[in-house]
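Down below is the structure, laid out as structure tokens.
The values are calculated or read from the model by the stated rules, or taken from the named source; none is laboratory data. The model shown is predicted, which means the values in this text are computed figures rather than measured ones. Heads up, the Cβs are rebuilt from the backbone with ideal geometry, glycines too, and the neighbour counts pull from every protein chain shown. Just the protein is used for accessible areas: all its heavy atoms, side chains included, with ligands, DNA and RNA removed. Shrake-Rupley method; radii C 1.70, N 1.55, O 1.52, S 1.80 Å.
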Amino acid sequence: MTALSDAATDLQLIRTATVTDASFDTRLDAQFPRLHGIFQELYGDRADAAEQLAAVVQEAAASWRRRSLELKARDAQRAADPDWFQSESMLGGVCYVDRFAGDLDGVRAQIPYFQELGLTYLHLMPLFDAPEGDNDGGYAVSSYRRVSPALGSMEELAALAADLRLAGISLVLDFIFNHTSNEHEWARKAVAGDPDFEDFYLIFPDRTMPDAYEQTVREIFPDDHPGSFVQLDDGRWIWATFYHFQWDLNYANPAVFRAMAGEMIFLANQGVEILRMDAVAFIWKRLGTTCESLPEAHLLLQAFNAVLDLAAPSMLFKSEAIVHPDEVVSYISRDECELSYNPLQMALTWEALATRDPRLLQQALERRHALPAGTAWVNYVRSHDDIGWTFADEDAAELGIDGYAHRRFLNDFYVNRVEGSFSRGATFQENPRTGDARVAGTTASLAGVEAGDAGGEDRVVLAHAIALSTGGIPLLYLGDEVGQLNDDGYLDDPHHAHDSRWVHRGERPAEAYAARHDESTPAGRIHSRLTRVIATRKATPALGGNRLIGFDAGHPTVLGYQRPGVGSVVLVLANVGDDPADIDALTLSGFDAAATDLVTAEPVDLAAGLTLPAHGFVWLEVGPR
Ligand code: GLC
């Protein structure tokens, strides 16, 4: 075993033992100092640090040698156009392989539909080998190199990635690297007492350390088990942030980093273009802290990013950090995650619809939307997960809103415990001890379609019109474009009944899809309105990128912002209220009076002011006066 030396010496040693080519060498020169520095910081006192670092680089070099010419061509193409994901033509979709399409072949059969919809990005929910029965929707991975046999094989996945690429669609997969399932080979070896693998997880002989950690660590899945540890059959305790069968990896061990970096670059060579970095906030633990978003978590992501640059330079990371907004942005940079979910905008869109008050969303757009160059938000209305009200209490306080009480209201509103609620959601992980809870439900059910509320369909379209006009990559939860409703069927499935998120994870609603061109149905109306908005976004360069400037619409229920383009601006006005909203001419007088409604392509005379229908919006192309 060798400890680290200085970067130049270590690099030289690695080079002599590694077969590389000129392009790898160039990237190695650029990345090695960074990678070495991170290893120094995280693993400087470990005797095996140098050996593990050398193994990482050698594995990256071998992976690069094995990378197909087609994927290397893609690397070159992306290098020539590094901002490709900022384009107005980007549109993401997400679905479960089994629920939406049966298996990987079924996904292939849906490619014509994905093209009809205009997708350029397809996130397939976790499809790896996982325990039978409950596996947290695939988020408990037993092997990163094996596709769940019910869905297909790794060869089929690579072939599908290639077909998607030909169709102009980038494959996005999860990288579930905070934990493995308890059936992963590493986990089995750890339980069997193999010392190399015991150190892959955080295992303690008794409650002393777990109790000490739990002083400061929050409970994530309290319905499953209290705290963050579960007991093994032999009486020891193991760290499990999420479900009891998802065991957190011990990244303080450099062998864990090496092993997971190997799994990551294996996936890169299957043709995955974007990795959704699952649960990034939790990957590093330190006693006496919340064990969330620690500085070391960032270093680890940077190290993974550096390895990626060596082995699969065009691949991107998307951060999944559903935490305080200050923490969410801390993961977004070219060196860390180029993309990130925008959970704040998502949650505040729902907040504004419930309260009919857009101020918190307006404030977030004005204050928390900007990002470093070369990075982008993934803006969405719903995901496979619950909605957590992750706004900052201090932001709310500025508007006279008490965060705690407001979250309680929103939870009650969305699960229909408030008189007059239009929503039919379900509570998720309601914690009586802390009063914390989150909400599950499909877009249509939360927006009022299920309840038969007159504004339901409008709200579905309005929420998407916001996500589609705030830049970055808009992401559709497939099924939402045909108004998929909640499905209570999960309650009859013993593996799902305890997890209300399954209420919005129904099977592909075949009937709704069949009716998508029939405007006498809700599916048809929602689909026709949404696809029109999608087509408009794709034809409007100013809606790509990330630049956004607030606009004070001077009306209590109207959200306003501008997306500056070349020579003109897109002015977005969105009415979250239940009544029509008049915007007077004076408010709009900063713009040339001759505007165009981009969605209808009709001229609009701003000198006359304008009226937004209840739950209505406009995307106006306006010029300077
Ligand atoms: C992420 C996933 C969620 C899963 C959790 C544990 O938050 O989105 O569905 O339960 O990670 O892997």
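If the condition is being free of Cβ contacts under 8 Å to residues at least 12 places away in the same chain and either among the polar types (S, T, N, Q) or open to solvent by less than 20 Å² (accessible area, probe 1.4 Å) (or both), then segment 94-112 contributes GLY106, GLN110. For SER528, the test of being small (Gly, Ala, Ser) and free of Cβ contacts under 8 Å to residues at least 40 places away in the same chain is passed.
Within the bounds of segment 121-130, is there any residue that is within 16 Å of the ligand (Cβ to nearest atom), modelled with pLDDT of 95 or more and acidic (Asp, Glu)? Working first, answer last.
To start, the set of residues in segment 121-130 that are within 16 Å of the ligand (Cβ to nearest atom) comprises 123-130.
Subsequent filtering for residues that are modelled with pLDDT of 95 or more retains 123-130.
From what is left, the residues that are acidic (Asp, Glu) are 129.
So far as segment 121-130 goes, yes, one or more of its residues are within 16 Å of the ligand (Cβ to nearest atom), modelled with pLDDT of 95 or more and acidic (Asp, Glu).
Among the residues of segment 120-159, just one is open to solvent by 20 Å² or more (accessible area, probe 1.4 Å), assigned to a helix (DSSP H, G or I), touching a residue at least 40 places away in the same chain (Cβ under 8 Å) and among the charged types (D, E, K, R), namely GLU156.
Given ASP436, ASP453, ASP499, which one is closer than 22 Å to ASP412 by Cα, within 16 Å of the ligand (Cβ to nearest atom), of a type in the set (D, E, K, R) and open to solvent by 10 Å² or more (accessible area, probe 1.4 Å)? Quick ask: steps written out before the conclusion?
Working: ASP453 fails: within 16 Å of the ligand (Cβ to nearest atom); ASP499 fails: open to solvent by 10 Å² or more (accessible area, probe 1.4 Å).
Going through ASP436, ASP453, ASP499 in turn, just one is closer than 22 Å to ASP412 by Cα, within 16 Å of the ligand (Cβ to nearest atom), of a type in the set (D, E, K, R) and open to solvent by 10 Å² or more (accessible area, probe 1.4 Å): ASP436.
Just to be sure, is ARG382 assigned to a loop (DSSP other than H, G, I, E, B), within 16 Å of the ligand (Cβ to nearest atom), more than 19 Å from ASP552 (Cβ to Cβ) and at pLDDT 95 or above? The answer is yes for ARG382.
Quick check: is even one residue across segment 160-170 under 16 Å from the mean Cα position of the chain (by Cα), assigned to a loop (DSSP other than H, G, I, E, B) and either basic (Lys, Arg) or surrounded by 22 or more Cβ atoms within 10 Å (Cβ to Cβ) (or both)? Scanning segment 160-170, I find no residue that is under 16 Å from the mean Cα position of the chain (by Cα), assigned to a loop (DSSP other than H, G, I, E, B) and either basic (Lys, Arg) or surrounded by 22 or more Cβ atoms within 10 Å (Cβ to Cβ) (or both), so the answer is no. Being over 23 Å from GLN110 (Cα atoms), in contact with a helix residue (DSSP H, G or I) (Cβ under 6 Å, 6 or more places away or on another chain), open to solvent by 30 Å² or more (accessible area, probe 1.4 Å) and of a type in the set (Gly, Ala, Ser) is a property that ALA585 has. Counting only residues that are without any contact (Cβ under 8 Å) to a residue 60 or more places away in the chain and part of a strand (DSSP E or B), segment 576-620 holds 17 of them.
Every listed requirement among (1) open to solvent by less than 30 Å² (accessible area, probe 1.4 Å); (2) more than 15 Å from GLY456 (Cβ to Cβ) is met by HIS527 save one, (2).
Let's see how each residue does on (1) open to solvent by 10 Å² or more (accessible area, probe 1.4 Å); (2) among the small types (Gly, Ala, Ser):
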residue: HIS298; (1), (2): yes, no
residue: LEU301; (1), (2): no, no
residue: PHE304; (1), (2): no, no
residue: ALA312; (1), (2): no, yes
residue: LYS318; (1), (2): no, no
residue: HIS324; (1), (2): yes, no
residue: GLU327; (1), (2): yes, no
residue: SER330; (1), (2): yes, yes
residue: ARG334; (1), (2): yes, no
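Table: residues versus (1) on the phi > 0 side of the Ramachandran plot; (2) within 16 Å of the ligand (Cβ to nearest atom); (3) modelled with pLDDT of 95 or more.
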residue	(1), (2), (3)
ASP163	no, no, yes
VAL191	no, no, yes
TYR213	no, no, yes
VAL217	no, yes, yes
PHE221	no, yes, no
GLN231	no, no, yes
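When residues of segment 59-82 are filtered for being assigned to a loop (DSSP other than H, G, I, E, B) and either open to solvent by less than 20 Å² (accessible area, probe 1.4 Å) or in contact (Cβ under 8 Å) with a residue 12 or more places away in the chain (or both), how many remain?
The number of residues fulfilling the criteria is 3.
Tell me which residues, restricted to segment 233-246, are away from the ligand (no atom under 16 Å from the Cβ) and open to solvent by less than 40 Å² (accessible area, probe 1.4 Å). Give the derivation first.
First, the residues of segment 233-246 that are away from the ligand (no atom under 16 Å from the Cβ): 233-237.
Across segment 233-246, the qualifying residue is only GLY235.
Using the structure shown, decide if ASP21 is over 19 Å from ALA261 (Cα atoms) and in contact (Cβ under 8 Å) with a residue 24 or more places away in the chain. Yes; evaluated as a whole, the condition is true for this residue. Tell me which residues, restricted to segment 530-554, are of a type outside the set (A, V, I, L, M, F, W, C) and surrounded by 19 or more Cβ atoms within 10 Å (Cβ to Cβ). If the condition is that a residue be of a type outside the set (A, V, I, L, M, F, W, C) and surrounded by 19 or more Cβ atoms within 10 Å (Cβ to Cβ), then THR536, ARG537, THR540, GLY544 are the ones that fit. Evaluate segment 247-260: report whether one residue or more is under 20 Å from the mean Cα position of the chain (by Cα), open to solvent by 20 Å² or more (accessible area, probe 1.4 Å), more than 16 Å from the ligand (Cβ to nearest atom) and not basic (Lys, Arg). Looking through segment 247-260, none of the residues is under 20 Å from the mean Cα position of the chain (by Cα), open to solvent by 20 Å² or more (accessible area, probe 1.4 Å), more than 16 Å from the ligand (Cβ to nearest atom) and not basic (Lys, Arg). Each residue in segment 55-82 was checked for being farther than 30 Å from ALA3 by Cβ and not charged (D, E, K, R), and 9 of them qualify.
Just one of the numbered conditions (1) assigned to a helix (DSSP H, G or I); (2) under 18 Å from the mean Cα position of the chain (by Cα); (3) within 16 Å of the ligand (Cβ to nearest atom) is not true of PHE85: (3). Among the numbered conditions (1) in contact with a strand residue (DSSP E or B) (Cβ under 8 Å, 6 or more places away or on another chain); (2) open to solvent by 20 Å² or more (accessible area, probe 1.4 Å), the only one that ALA212 does not meet is (1).
The requirement of being open to solvent by less than 40 Å² (accessible area, probe 1.4 Å) and within 16 Å of the ligand (Cβ to nearest atom) is fulfilled somewhere in segment 441-449, by at least one residue.
For segment 344-358, the criterion of being in contact (Cβ under 8 Å) with a residue 12 or more places away in the chain and closer than 22 Å to PHE39 by Cβ is met by none of the residues.
Residues in segment 268-295 that are in a loop (DSSP other than H, G, I, E, B) and either of a type in the set (Ser, Thr, Tyr) or within 13 Å of the ligand (Cβ to nearest atom) (or both): 7 in all.
Of the set (1) under 25 Å from TRP350 (Cβ atoms); (2) touching a helix residue (DSSP H, G or I) at 6+ places or on another chain (Cβ under 7 Å); (3) of a type in the set (A, V, I, L, M, F, W, C), all apply to VAL572 but (2).
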